[in-house]
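Here is the structure we will look at.
The values are calculated or read from the model by the stated rules, or taken from the named source; none is laboratory data. Because the structure is predicted, anything quoted here is derived from the model rather than measured. When we count neighbours, we look across all protein chains shown, and the Cβ atoms used for this are built from the backbone with ideal geometry, even at glycine. The protein model used for the area step is the full one, side chains on, heavy atoms only, and it has no ligands, DNA or RNA in it. Shrake-Rupley method; radii C 1.70, N 1.55, O 1.52, S 1.80 Å.
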Amino acid sequence: MKDFPLIRTGRGAIIGFIAIAAPLLLLSLSPLTGIYAVALVLLLLPAALGIVGLTGGLAPMLAGAAVGIFSMFLLAGRPGALLSAVYVLPILAAFVLLFQFRVPFWKSCACMIGVHVLSLAGVYLLLQQMTGNDLYTVAGDTVMTALENWEMGDMMLYQAYSMGMLALPNELSKDMLLQVGDGYMLAPAARADLLLSMRSMVQSTLAALIPSLIVTQSILGGVLCLLLPIRFGYIAAERRAFLANPPSEIEGEKREYRKPDFPTLGMPPLSLWHIPRGIGWQVFVALLAGNFLQASASAPLAIAGIILYGAASALFTLQGAALINFVQKTRGVRRIWRIIVPILLMMVSVLSFIGIFDQIVNIRGLRMPREPKEEE
């Protein structure tokens with residue numbers, strides 16, 4: 001395959017594989033850090049594999065995917081490996097095909113978002129099947145049992161209570177701690193009540209989180225799986241083109257710049273991404289409606305609100321990232337910081353508010369002002 005040789009560069013293949021394999025294997029060795037390995041696979045692995053594929057080649061990309069699946073096997077056995085394979089492999093297959101046929105960028109984004117939805121929905125359905133169609137109850141019971149048998153369970157429960165995540169009746173909160181030697185432990189009645197409260201919190205959190213995660217992760221993950229690999233891949237291709245055609249030592253002779261033959265799929269610069277005016281107000285209305293419906297007592301309406309809010313928030317997050325990139329470019333910020341800063345802001349959920357602000361104020365002037373209606 002032209003755009004996916006087995007090894008694009010030996011150095012890029014080795015560095016890319018190690019960057020993926022080392023953290024996943026280290027985190028998966030302990031149950032305490034296993035949750036971070038799961039988060040890496042879910043949130044970052046597809047985009048990271050895309051970067052490795054376009055900088056190092058097809059072989060390190062597939063090897064990195066195998067390591068990701070193996071790390072989930074170390075954590076959860078065959079079910080963990082199966083779930084990770086159902087999530088990662090369809091995304092990788094779609095990624096390779098889109099670049100092989102050089103599908104235009106925005107159409108590729110739509111395809112990647114759709115594949116993410118199907119993959120995440122497949123993972124959810126498999127989890128439901130494994131738990132007898134009672135995923136939320138089983139998850140709550142599992143967390144409650146783990147905390148009950150863990151030697152640090154009392155400390156975790158007390159910290160959750162101190163942070164306001166769990167509640168206790170007044171009669172139990174007064175004498176919730178018992179001194180044992182030089183330390184403390186939870187009173188049996190307080191521990192039992194906190195465990196039940198933790199179980200209920202896990203169930204309600206998952207019921208709200210999973211629909212939101214499928215929508216938000218599908219949109220952001222689908223776009224980032226193309227944006228980041230294309231960006232890093234093009235930088236690497238520029239470097240290879242420069243080294244292949246070095247500056248001449250002859251004084252006065254100019255070196256001709258050769259644009260690298262790299263499949264950008266026609267991706268526009270991130271600084272120019274924006275939501276058109278008409279669509280932007282519809283997205284803003286969906287955001288408000290979703291925020292209102294989330295609190296509905298009706299489960300279908302609440303889920304619809306979660307989906308609307310998650311989709312609208314993800315779109316404004318991408319627009320916020322575009323505005324940050326535009327400001328950084330105009331100020332001459334180094335290229336690496338133009339990648340790192342938006343990712344950090346995305347992690348603290350700030351970009352969606354920046355995107356809404358940009359939609360209203362039109363700082364970059366990308367949306368043309370409405371033309372006044374002609375008087376008859």
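A compact table of results
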{"read-out": "TRP106 versus ASP182: modelled label distance in nm, points set 7 Å from Cα along the beta carbon direction", "value": "6.6"}
{"read-out": "Low-density loop positions, chymotrypsin sites (Phe, Trp or Tyr not before Pro), region 34-139 - DSSP coil, at most 16 other Cβ in 10 Å", "value": "PHE101"}
{"read-out": "With all protein chains modelled, accessible area of TRP150 [1.4 Å, Å²]", "value": "80"}
{"read-out": "Region 257-340 - Rg over Rh from alpha carbon coordinates, Kirkwood radius", "value": "1.17"}
{"read-out": "Relative packing of 309-315, 274-280, which averages over residues the other C-beta atoms within 10 Å, highest first", "value": "309-315, 274-280"}
{"read-out": "Kirkwood-type radius of region 292-358, with distances r between different C-alpha atoms, in Å", "value": "13.0"}
{"read-out": "For region 68-205, fraction of C-alpha pairs farther apart than 19 Å, in %", "value": "65"}
{"read-out": "Taking only Cα atoms of region 138-224, radius of gyration then Dmax in Å", "value": "16.5, 55"}
{"read-out": "Computed magnitude of the charge dipole of the chain (debye, nearest 20; Cβ of K, R +1, Cβ of D, E -1)", "value": "1500"}
{"read-out": "Separation in nanometres of the label points that stand 7 Å from Cα toward Cβ, at MET130 and VAL117", "value": "2.5"}
{"read-out": "Inter-label distance for LEU209 and ASP175, nm, one decimal - labels placed 7 Å from Cα along Cα-to-Cβ", "value": "3.5"}
{"read-out": "Coordinate range along principal axes, alpha carbons of region 289-330, Å, largest first", "value": "48, 11, 9"}
{"read-out": "Pairwise centroid distance, computed over Cα atoms, of region 67-134 with region 4-19, Å", "value": "23"}
{"read-out": "Kyte-Doolittle mean at least 0.0, axial Cα span of 30 Å or more - DSSP H helices of the chain", "value": "58-100, 105-130, 188-244, 299-330"}
{"read-out": "Extent along principal axes [Cα atoms of region 194-236; Å; largest to smallest]", "value": "53, 18, 5"}
{"read-out": "Kirkwood-Stokes translational diffusion coefficient of region 46-124, alpha-carbon pairs, 10 °C, 1.306 mPa s, µm²/s", "value": "122"}
{"read-out": "For LEU177, distant residues with modelled amide H under 5 Å away", "value": "ALA187"}
{"read-out": "Solvent exposure ordering (accessible area, 1.4 Å, most first) of GLU171, GLU151", "value": "GLU151, GLU171"}
{"read-out": "Accessible-area order (highest first, 1.4 angstrom probe) of the listed residues ILE35, ILE339", "value": "ILE35, ILE339"}
{"read-out": "Accessible surface of LEU224 - all protein chains present, 1.4 Å probe, nearest 10 Å²", "value": "40"}
{"read-out": "Contact order relative to length of region 279-340, as percent, for alpha carbon pairs under 8 angstrom and 6 or more apart", "value": "26"}
{"read-out": "Per-q log10 I(q)/I(0), region 1-100, q = 0.19, 0.22 Å⁻¹ (Debye; single scatterer per alpha-carbon; no solvent)", "value": "-0.83, -1.05"}
{"read-out": "Accessible carbon and sulfur surface of the chain relative to its total accessible area, %, 1.4 Å", "value": "67"}
{"read-out": "Whole-number D in µm² s⁻¹ for region 127-276, Kirkwood Cα-pair radius fed into Stokes-Einstein, 25 °C, 0.890 mPa s", "value": "116"}
{"read-out": "Sequence-separation-based contact order of the chain, relative, with Cα cut under 8 Å and 6+ spacing, percent", "value": "15"}
{"read-out": "Cα pair distances exceeding 26 angstrom across the chain, given as percent", "value": "62"}
{"read-out": "Candidate residues ARG78, ARG334: accessible-area rank, largest first, probe 1.4 Å", "value": "ARG78, ARG334"}
